[in-house]
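**Student:** Shown below is the structure under consideration.
The values are calculated or read from the model by the stated rules, or taken from the named source; none is laboratory data. Only a predicted model underlies this, so the values are computations on that prediction, with no experimental measurement involved. Positions of Cβ are generated from backbone atoms using ideal geometry, with glycine treated the same way; all protein chains shown enter the neighbour counts. Keep in mind that these areas ignore ligands, DNA and RNA; they rest on the heavy atoms of the full protein, side chains included. Shrake-Rupley method; radii C 1.70, N 1.55, O 1.52, S 1.80 Å.
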Amino acid sequence: MTDATFARFRGKVALISGAAAGICRASAEIIAAEGGTVAAVDINRELLDGAMLALAEAGGGEHMAYCANSLEQDDVDSVVADVIDRYGRIDILINGVGGSTIIADAGAAVDELTMEEWQQVLDFNLSGTFLFCNAVVPHMKRQGSGKIVNFASIAGRGKSATSSSAYSAAKGGIIAMTTKLALELGPAGINVNAIAPSATLTERIRRHWEQRPSELREQVVAATPLRRIAEPIDQANVVCFLASSHADFVTGITIDVTGGA
C-alpha cells in the first residue's frame, strides 16, 4: 500500500451510528487509523466506552463519543448539531443501526409476526437511516460533497431463508432508498451507496451462530464459495472503500458482500 492509502481519511469527519460494535466499530477503527475524525454514536454506553478505547489504540484522527438513540429525532439532531459545531463539517455518514434480532424470533414466518413486531423491525432498520440522512444532508449540500454508506442485507434481495419478511422488507427499503438518494443528491456532489452483507459474525450474530447445530453451520459454509462466514472486518473494508475518495465515481450501488453466496 502507498502512504496515500494509509491517509485516505485525513482531514475527513465521519459520523457513524451503531459504532460501538460489529461492522461499524471495525469501520470506525479503520477510519481513525487512516487519519479520520470519528463521531461515534451508539445507545449502549458500556460498549461505546470500549469502542473509544479501541479508537485511541488505533491512533490517527480525533474521536468523540455520543450516547444517543438513533431512532429519536431530537437525539439525532443534537448529535449532528454538536458535530458541526465542533468540526464544521461532516464528510462521511455511515448508517449502521439495524438488524433482525430486535424481535424474539428473527426468522418468524409472516403468519407468526405480530403487527407490533413488523413495525418494530421496519422502524429499527429504516428510521435511523432516514433521520441521520435528513439531518446531515443539508450540511453536505452546503459543503458540496459527502459520502453516505447505508447498511442493507442480502435479505433485502430476498435471498435469506432465515430472515423474516419484515427484515427483508426493511432491507429492501434501504436498497431502494440508497438508489433514490443517489439520484437526488448526486448533483450536490454527494455519493450514496450501501452494502448488503450475508451473515456476519458480529458480537450479536456470533451468539446466534454458535447456538445453531453444527450440521447447519457446515451447510452454510459449504454453500459459500469462499468457504467461511464473514467477519466484521470483511464488511468494514467495503464500507471504508465506499466512504473514501477511491469511490468518488461510485453512487447508487449496493454491493453484496457475501463470499459469493
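**Student:** Which aspartates and glutamates have a Cα lying under 16 Å from the Cα of residue 159, excluding residues fewer than 8 positions away in the same chain?
**Tutor:** Qualifying aspartates and glutamates at Cα under 16 Å: 256.
**Student:** Something else now. On the accessible surface of the stretch 127-259, probed at 1.4 Å, how many percent belong to carbon and sulfur atoms?
**Tutor:** 57
**Student:** On to the next question. Scan around residue 108 for amide H atoms under 5 Å from its own, H built in the peptide plane at 1.01 Å from N, and keep only partners 5 or more places away or cross-chain.
**Tutor:** For residue 108, the qualifying residues are 164.
**Student:** Right, next: Whenever you get a sec, compute what percent of the accessible area on the stretch 35-97 sits on carbon and sulfur atoms (1.4 Å probe).
**Tutor:** 44
**Student:** Here is a follow-up. Between residue 62 and residue 227, what is the label-to-label distance in nm when each label sits 7 Å out along the Cα-to-Cβ direction?
**Tutor:** Here the modelled spin labels are 4.8 nm apart.
**Student:** Is the C-alpha gyration tensor of the stretch 104-261 telling us rounded, prolate or oblate? Criteria: a/c under 1.5 is rounded; beyond that, a/b larger than b/c is prolate, otherwise oblate.
**Tutor:** oblate
**Student:** Below 11 angstrom from the Cβ of residue 69, what's the summed charge of the other residues (Lys, Arg +1; Asp, Glu -1)?
**Tutor:** -4
**Student:** Among 117, 215, 203, which one moves the most in a GNM of the chain with springs linking Cα atoms closer than 10 Å?
**Tutor:** Result: 215 has the largest fluctuation of those listed.
**Student:** Oh, and also: If we count every other residue with Cβ under 11 angstrom of residue 41's Cβ, Lys/Arg +1 and Asp/Glu -1, where does the sum land?
**Tutor:** Local net charge: -3.
**Student:** While we're here: Where in the chain are the DSSP H helices whose alpha-carbon span along the long axis reaches 27 Å or more and whose Kyte-Doolittle mean is at least 0.0?
**Tutor:** 165-185
**Student:** Can you tell me which lysines have their Cα less than 24 Å from the Cα of residue 147? Leave out same-chain residues fewer than eight positions away.
**Tutor:** Partners found: 12, 171, 180.
**Student:** Springs between alpha-carbon pairs under 10 angstrom, Gaussian network model over the chain: which of 164, 17, 78 fluctuates most?
**Tutor:** Of 164, 17, 78, the Gaussian network model singles out 78 as fluctuating most.
**Student:** Work out the length of the dipole vector of the chain about its Cα centre, built from +1 on the beta-carbon of each Lys and Arg and -1 on the beta-carbon of each Asp and Glu, and round it to the nearest 20 debye.
**Tutor:** For the chain, the charge dipole is close to 800 debye.
**Student:** Under a 10 Å cutoff between Cα atoms, tell me which one of 163, 245, 27 has the largest fluctuation in the Gaussian network model of the chain.
**Tutor:** Comparing 163, 245, 27 in the GNM, the peak value goes to 245.
**Student:** If you plug each phi of the stretch 91-96 into the Karplus form 6.51 cos²θ - 1.76 cosθ + 1.60 with θ = phi - 60°, what whole-Hz ³J(HN,Hα) values come out, in order, with x for Gly and Pro?
**Tutor:** 8, 9, 10, 10, 9, x
**Student:** Counting only heavy atoms of the protein chains, get the accessible area per residue of the stretch 109-183 (1.4 Å probe) and round it to a whole Å² value.
**Tutor:** Dividing the accessible area of the stretch 109-183 by its residue count gives 45 Å².
**Student:** Quick one: grab the alpha carbon gyration tensor of the stretch 1-90, order the square roots of its eigenvalues as a ≥ b ≥ c, and give me rounded if a/c is under 1.5, else prolate or oblate depending on whether a/b is larger than b/c.
**Tutor:** Verdict is oblate for the stretch 1-90.
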